[in-house]
Structures are given as C-alpha cells and as structure tokens.
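The structure appears right after this line, and notes come after that.
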Amino acid sequence: MSSSASSADAGTIPSVSVRNLAKSFGPVRAVQDVSFDVYPGEIFGLLGPNGSGKTTTIRMMLDIFEPDKGTVQVLGGSLDQARKDRIGYLPEDRGLYKDQKLDTVLTYLGRLKGLDEPTVAERLESWLRRLDLWEHREKKVQELSKGMQQKAQVIATLLHDPDLIVVDEPFSGLDPVNTRIIKEVFDEQRAAGKSIIMSTHQMYQVEALCSRIALINQGEVVLYGEVDEIRRRFAGNAVVVEGEGNFEGLGGVVDARQTNGAWHLALSADADPHDLLRTLASREGVRLDRFELAEASLDDIFVSVVQEGDRAFAGAGGSLEPSATENRRA
Amino acid sequence: MRRLFLVAGHEYQRFFRRRSFLFSLIGMPVFLILIMGVGELSRVGSGEAETIGYVDRAGVLEPRVLGTGAAEDLRPEELLAFDTEEAGLEALADGQVAGLVVVPQDYLRERSLLAYYDEGEPGEEVWSAFRDFIRASLLSAENPQVAERVGEGAELTVQSLQGDREMAPGGFMDVLLPFAAGFIFIFAAITSGGYLLQTVSDEKENRTVEVLTTSVSTNQLIFGKALGLIALAATQLLVWGLGVVAAIVIAAQFFEPLAAAEVPWVLLGVVVAFFIPSYLLVAGIMITIGSAFPEYKQSQQVVAIINILFFIPFFLVTILFENPNGTLAVALSLFPTTAFLTIAMRWGAAVIPLWQLLSAWAILTTTAGLSIWVAPKVFRAGMLRYGQRLDLGESWRALRGGR
C-alpha cells in the first residue's frame, strides 16, 4: 500500500462528505444508504460489484443526479460553478467526442473548466508530451487506440489542475507501462494535496494506491475504513492449501481458486481456519502438504464480504459509520 | 454566459466542418446557379436559328406591328414571310428558318394554326410570341390603348377592408418566395434538427454528457447547443439566400418577369419572424426526443413521425391554394408545427387577416418557448438512462421539478 494514509490524516476538513445518500429509478433502489468522507491528500477507493451503486453514488456526488435523500458537501459546500471548476471527472467510459481532433476536444473541455486559451495550450502541450500523445494531437479521437483514449481522458480530467479528482475505472484499457505512468500521476496529485476518489474493480490497484476504501454492495456501504486496518481485521479469512484431493465445496469457503498448484481458499467472515483444517484432515481422499493462513488481500475481502453479504460483521467492526473514522482523526 | 457561448461555438464548428453540411451548404446554391446558367447558355446557343417563317393565307398578319405593343417580343428580322407553303418548307429544309407557321384561310373561323419544324422544335416562347403577333395584328385597327388593354388583360389588386393587408398584381415573387422559403425551411430544419438530435444522442451514448455536466449547467449546455445550431442554420440560410439571389440575377437575364419583380420586404419580414420560433420549436423537440430515447436510431424513428407534422402543408398544397382562407388553412396557420409553411404558402394566394398572422405567431412563439423550457428538464432526467427510455411519468416528474 502507498504512504498516502498519512497524507490523508493530515487533512481534517473533508473534501467530500456524503451522508445517507439514496436514489431509486422507478422500482429499482440503486443506492439505499451511502455515507463516507474523503480528505485532501488521499486516494479513496470506492469499491463494489457491478450494479452495486458506485457510479450512481459518484453521479449524485457530482450533481449529475439529484439524490432522493441524503446530503453531499463537496469542497466545503454544495456544488456551484466555482466548485465544479475544481473537480476533474473521468467517467467509466470515454467521455470524448470521437469525431474531433484530440487537441480540439481537450482544449474545449479545458476551456469549459474556466481556463483561458493560452493556459490551456501551455498545459496541454506539457500533458500530451508527458503521456506520449503529442504526436497524435492532430488525430481524431476515434483513430486513437483504447489506451491512448484513456490517457487523453486522464488529461481532460487533470488539465485544469482540480482539487478533487473522481476517476471511474481509470486503468481500463491501459497496458502495464501506461498503467504505471498513470499511477505515478495519481500519486503525484495525492502528494500535492489533491483528493482522489477512485472506483475500480482492480483490487491490486486499490491496494497499491488507496489509503481508505468504502465497499458498496446492493446500494449500501458494507465496509468502510483504512485499508491496512481492514486487512488486519480480515487476516485469517483466507488460507493457502497444497496437497492432493478435492478442495472445493468446503463449508465456510466462499471462493476457491488454484494458482501454481496451490489452492487459495477465501473464507466467510464467521469461518474459523482451525475448523477448516480439521475438516480437511478428516476428509477422505485428501492429503495435505501445506496449510497456512494467507495474508488477506482486498480481493479476498471483497469476495468474502460481497458473497456473504455479511453486513453484521462489518458493523461489529465499527467501520460502517464514517463517524468512527472522523472520531479517530479528531 | 461565457460557457454558453463556448458550447455554442463548439457546436457550430463541430457541425460546420462536417462534409455533409458543407456539401448541402455549397451544393444547393451551386446547383441553382448551374440550372439558371444552363438555361441561359441554351438560349444563347440556340439564338442563331430562331427566325420563323410564315405563310399568311388568311391575310390577317400585319408586319408593321412587330416590335410594338403585344408583339414587342418579335422583331421584323426574326420573321420571314413566304408566299406559298412549299417555299416555306423548302426554306425550313435548307435551315433558313427554325420553324414555319401556316395561317390557314379559315383561321378567323377555326382558330387553328399549323406549325412545322425540322431539327429541334423552337421554344415555347417563340410560339407564344407568334401568338402575340397574331393578336396584335388583329387589333391593329383598334385604338392603340384598347389594343394594349386587350393584349395585356386586367390587373387586380385585392385589399382587406381595413387596408392593413394588400396583395399587389403581378406578385411573381409573392408566389415564388413562399415555395423557396418552404424549401429552405425544410432543409434547414431537417439538417440542423438532425445534427442536434445526433449530438444529444451521441453525447448520451458515449457519456461525454457526464463530463460536460460536471463543467456547465444543463441550461448552459442546452441553450448553448440551440444557439450554436441557430447560428449554423443562419449561415445556411445566408449562403442559400445569396445563392437564390445569384440564381435570380442570372435568370432575370432571360426571364422578364423576374427582372421586373420587386423584392417583397413585408413577406421577407414575415418569413424571418416565423422562421426563428419555428426553428427553436424544432430544436426543443429534437433535444427532448434525443434525451428521452436511449439510442440515436430509436430517436430517428420518432423524429420521422414528428417531421410529418411540419410537412403537412406541402401535402395539402392544392387545397390550400384553392381555398387559402378556408377553415383548414386557418387551422393549419394556428397550429405551431404547420404555421410557418401555411402562412408562407397562403401569402401568395390570399390576403391573410392580420389577427390570424398575429395569433399564429403568438401561438408558435409560445410553443417554441415551451419546448425550449421543457428540453433541458427532460435532458437532465433522461441523459443518463442508458438503455432505458424515459417514460411519460418520469418526463412529467422532470417537468414538475424532480430529476
């Protein structure tokens, strides 16, 4: 994990404060009860399975949707034009005009954020050169590769030097080299005191970048807090097993996958690894060569929490309510 | 306001650079000018063989009237008299004349003429001028003023009782302009409305709208788009208008009624007054439909039906000209989508009462304002409904203030 947690702690006034958000579309309750805070100088992970309500939450936060219930405070108040100019948003899909030249589109989006033309030109050249798009600036967006379009979208998000950066699946379509470049960019922004909200399914990116997370499932926050603390809390909720026999269909195991000959078994929140060891030892046709507690990854925690739907566990951990974190900060 | 103009400028440039737009922008006037130019060239090219021969068996033709009065279009050198039909036909075969007209002995009783031609029939204007020659010859013994009145007929000026509207005689432009205005309006509405629909649908489908609405308000976005596309339509009208003027200037060289025509400024004023709210109405409808439907293709199907509401006067052109002040004509004038075309078409055929003009304009402008008021609300409610159509209930809630 990055050192961003300490930076986040430095800020006491949240950049974003979301309280009890709810939104329905007809009979579908997309978001039921979502609350969290994001502080300056941190990268905050907004996680959840498909259709959990992450993107709807982001859209309510950015005033694209009006919530049915709840409040949003962004950069110290409600979202007016001045605050909109301090936000950079990268939507899940590429929000660029495909039939226009790259520099035309980016200049337009920069100017809509209040920049004058010379400033846009100056910053645009710097960003295009840095992300290896300078040679492609005259091309139409649709002529660029998926990765190039994603980098262009990152430029559109950061061109006006926003204080709050909201990125939805920012690494989508990027190769490892460009992924690393964009990660460096985000880390720089965090170090400069910007608040970054990142929504992604790539848990290893969350582990690498985020200091805190909120996991949304079925429209509600089911896990909320600092990544290190959450991983500590969930330690022992996965085991690595090697040997012969059938390691699937075991009680208390919510996910079993085999990698390089070893089985990685994610346990439900209330499962005990010792019980699992006893079950395996007594299971017919199973020979155990290795059994050890796995370091809890966010991936395991994600699967465990989502599949179990164990909100009670998260509540018992005292991390469902944002106030727990706020109190600690205070 | 700065952002609104930024959006307008962007929309304008985006669509102005499209090949399809440039093609229609330049293609239409070039086409018109070419048509007129070709007409002029064909007239000039066929000028050498326009001498007409005639054989006057009835003894009614008077060559001294040529070039005067009703026969002013024919000059003496353009006519060659022959004593016999055989001599005339021989001259026709030799190419000395382009045609031969035989006036039979019983012409005064039967009214029939016989005309011959060899290669390429002389134009209708030649035969028409020859008929004028006969008319002028028959009236040559009359008082010249009487002869002229018989030749030219009466001029009728229709005026309303209050004197507020008048239809002048010989208003060639009064008939031509409504059709031209209708043609231009439909093209401008179809192309610009189509662009507007496409831009709204595209931004919704590729989610550019999410980025835009975190930079500008929905109203800035929608009004900016409408403004940009009005500027685009204005450019189109200006270029097409110049094209029409150029075509008329060329056509006036060989088509006399055009040269004598006066510019009907009042009609032009009415056209402009009705065109702007009509265009806003189209813009509002297109944005609303583009917002309410998840895909461009679905929107297009609905728009095809909506377009018919604007085209109705064209389908009913015969009825409107036969009874330009009838109930149907008045009803269509007062209905917002058909007001512009109906008023334009009735203009050349009748005196439209002032109250109808003002009522039609007021209803149209109010409806246009309503459509522009509705558009951002439906846009806001529907812009992120990927894969789902906005139903009537949701639209109604959006209009009442919810999102």
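None of the figures in this text is laboratory data; all of them are computed from the coordinates on show. None of the values given here were measured: they were computed from a predicted structure. With ideal geometry, Cβ positions are generated from the backbone for all residues, glycine too; neighbour counts draw on all protein chains shown.
Side notes on the structure shown:
- Lys, Arg +1 and Asp, Glu -1 on Cβ, resulting dipole of segment A:117-267 about Cα centre, debye, nearest 20: 120 debye
- Cβ-derived FRET efficiency at R0 60 Å, residue B:146 paired with residue B:362, nearest 0.05: 0.75
- Cα principal axis extents for segment B:67-116, largest first, Å: 32, 28, 16
- Theoretical ellipticity at 222 nm over chain A - DSSP helices of four or more residues, -39500 (n - 2.57) apiece, nearest 500: -10500 deg cm²/dmol
- Between segment A:251-268 and segment B:180-250, the alpha-carbon center distance in angstrom: 59 Å
- Panel order for A:61, B:1, by other beta carbons found within 10 Å of each beta carbon, from fewest to most: B:1, A:61.
- In segment B:50-154, the C-alpha radius of gyration followed by the widest Cα-Cα span (Dmax) gives 13.5, 43 angstrom.
- Distant-in-sequence amide H partners of residue A:254 (H built 1.01 Å from N, under 5 Å): A:266, A:267, A:268
- Overall dimensions of segment A:236-294 as given by Cα atoms, namely Rg and Dmax in Å: 10.1, 28
- Modelled spin-label separation between residue A:13 and residue A:270, with each label point placed 7 Å from Cα along the Cα-to-Cβ direction: 4.5 nm.
- The ranking of A:54, A:194 by Cβ neighbour count inside 10 Å, starting from the fewest, reads A:194, A:54.
- FRET efficiency for the pair residue B:115 and residue B:72, taken as 1/(1 + (r/R0)^6) with r the Cβ-Cβ distance and R0 = 25 Å, rounds to 0.70.
- Counting neighbouring Cβ atoms within 10 Å and putting the fewest first, the residues B:10, A:264 line up as A:264, B:10.
- Distant-in-sequence amide contacts of residue A:45, defined by a placed amide H-H separation under 5 Å and a gap of 5 or more residues or a different chain, comprise A:198, A:211, A:212, A:213, A:214.
- Derived scalar couplings ³J(HN,Hα) [segment A:257-271; Karplus, 6.51 cos²θ - 1.76 cosθ + 1.60; whole Hz; x for Gly, Pro]: 9, 9, 9, 6, x, 9, 9, 10, 10, 8, 9, 5, 4, 9, 7
- Bridgeable lysines around residue A:183 (alpha carbons under 22 Å apart, same-chain partners fewer than 8 residues away excluded): A:54, A:146, A:151, A:194.
- In order through segment A:238-250: 3J(HN,Hα) via Karplus (6.51 cos²θ - 1.76 cosθ + 1.60), integer Hz, x for Gly, Pro: 8, 10, 10, 10, 10, x, 10, x, 9, 10, 9, x, 8
- The spacing between segment A:207-250 and segment B:102-125, judged by their C-alpha centroids, is 103 Å.
- Gap separating the Cα centres of segment A:63-104 and segment A:272-297, nearest whole Å: 49 Å
- Couplings 3J(HN,Hα) for segment B:201-209, derived from phi with the Karplus relation 6.51 cos²θ - 1.76 cosθ + 1.60 (θ = phi - 60°), are 5, 4, 5, 6, 5, 8, 6, 4, 4 Hz, where x marks Gly and Pro.
- Label point distance in nm, residue A:28-residue A:145, each placed 7 Å from Cα along Cα→Cβ: 3.4 nm
- Cut-off under 5 Å, modelled amide H: who pairs with residue B:79 long-range: B:52
- Using Cβ point charges alone (K and R +1, D and E -1), the dipole size of segment B:191-348 about the Cα centre works out to roughly 180 debye.
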